[in-house]
Amino acid sequence: MNKTYEVKSVPIPKFSKPADTTEGKRLYQSRGCGDCHDVDGSGRTFIQDPAIGTLSGANLTSGKGGVLSDRSDEELAVAIRHGVGKNGKALIFMPSTDFQGMTNEDVGKLISYLRSTPAVDKPQGDIKPGPLGRFLYLIGEIPVFVSAEIINHDMVHLTNIKPSVSLEYGKYVASTCTGCHGFSLKGEPIQGAPPEWPPSQDISKAGLTNYTESSFIQTIRTGKRPDGSEMKFPMPWQSLGQLTDTELKALWIYLQTI
């Protein structure tokens, strides 16, 4: 956890038009950034467990205690996609494996939104991995504890990808789901979750046999499955409900190939 990483930054496009900032806000909401950084970007403690540890998202505003004023767009992009902070050290429990493939354009719009938000004065919450959290990381059960260790830092990022109802775009969107559902998307115990949380469900073709495209989209939008049961926490359907129809249709196409 004290290892340093060398990551070559790449130029991030700047956006200032209201439409681009609005899209950045939608990306923030739909990709679950608020789960750790709160709805206003000021950060929150999202795990507080003596065994797993105390883990808090950073204050991403320009207020006192925030990091925004002290980071360039390129440094923020490295944090988002590589899980590496300004000092070269890994960001603990930053799920950059979900975002490592995000395009330069989407990262730029996301950052433009963060820079448009009001400053919030709020100190950084504690980040203290506990003994069980450290042990589970060492045996490979919580790789997100140091996501920087499993990311290819030499990868070439796409400049942009055109939204379309396609397999390629569906795979792009699906990366958001890997943090809970696993890289195979076939379900697994959720990383760092308390023992009372159920494992994530299989969202491959086999796990979605009771769904059609329309019922899959309806479930994400409403939090209710085709049989009438409700999706329970920690499934972030309220965030995922911000995905566009194009994103959800493309996601469905991709999941059907697994």
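Sub-7 Å Cβ pairs linking a first residue in segment 21-34 that is farther than 15 Å from Ser112 by Cβ to a second residue that is at pLDDT 95 or above and in a helix (DSSP H, G or I), at least 6 apart or interchain, are Gly34/Tyr28, ordered by first then second residue.
Just one of Pro226, Pro194 is in a loop (DSSP other than H, G, I, E, B) and in contact with a strand residue (DSSP E or B) (Cβ under 8 Å, 6 or more places away or on another chain); which is it?
Numbers: Pro226 fails: in contact with a strand residue (DSSP E or B) (Cβ under 8 Å, 6 or more places away or on another chain).
Pro194 is the lone residue from the list that is in a loop (DSSP other than H, G, I, E, B) and in contact with a strand residue (DSSP E or B) (Cβ under 8 Å, 6 or more places away or on another chain).
Of all residues in segment 236-258, those satisfying the criterion of being among the hydrophobic types (A, V, I, L, M, F, W, C) and in contact with a Lys or Arg (Cβ under 7 Å, 6 or more places away or on another chain) are Leu255, Ile258. Looking at Ser175, is it within 17 Å of the chain's Cα centre (by Cα), outside the structural domain of Ile92 (by TED's automatic domain parsing) and assigned to a loop (DSSP other than H, G, I, E, B)? It is false that Ser175 is within 17 Å of the chain's Cα centre (by Cα), outside the structural domain of Ile92 (by TED's automatic domain parsing) and assigned to a loop (DSSP other than H, G, I, E, B).
Of everything in segment 12-57 that's under 21 Å from Val144 (Cα atoms) and aromatic (Phe, Trp, Tyr), which residue is surrounded by the most Cβ atoms within 10 Å (Cβ to Cβ)? Out of the qualifying residues, it is Tyr28. Scanning segment 148-163 for residues that are part of a loop (DSSP other than H, G, I, E, B) and either surrounded by 13 or more Cβ atoms within 10 Å (Cβ to Cβ) or aliphatic (A, V, I, L, M) (or both) yields a count of 8. As a summary of the residue check, Val67 satisfies the conditions (1) within 25 Å of Pro194 (Cα to Cα); (2) crowded, with 16+ Cβ neighbours inside 10 Å; (3) over 15 Å from the mean Cα position of the chain (by Cα) except for the one numbered (1). Checked against (1) more than 18 Å from Pro95 (Cβ to Cβ); (2) part of a loop (DSSP other than H, G, I, E, B), Gln218 passes all but a single condition, namely (2).
The values are calculated or read from the model by the stated rules, or taken from the named source; none is laboratory data. Bear in mind that the values here come from a model prediction, so they are computed numbers and not experimental data. Here Cβ is always computed from backbone atoms with ideal geometry, including for glycine, and neighbour counts include all displayed protein chains.
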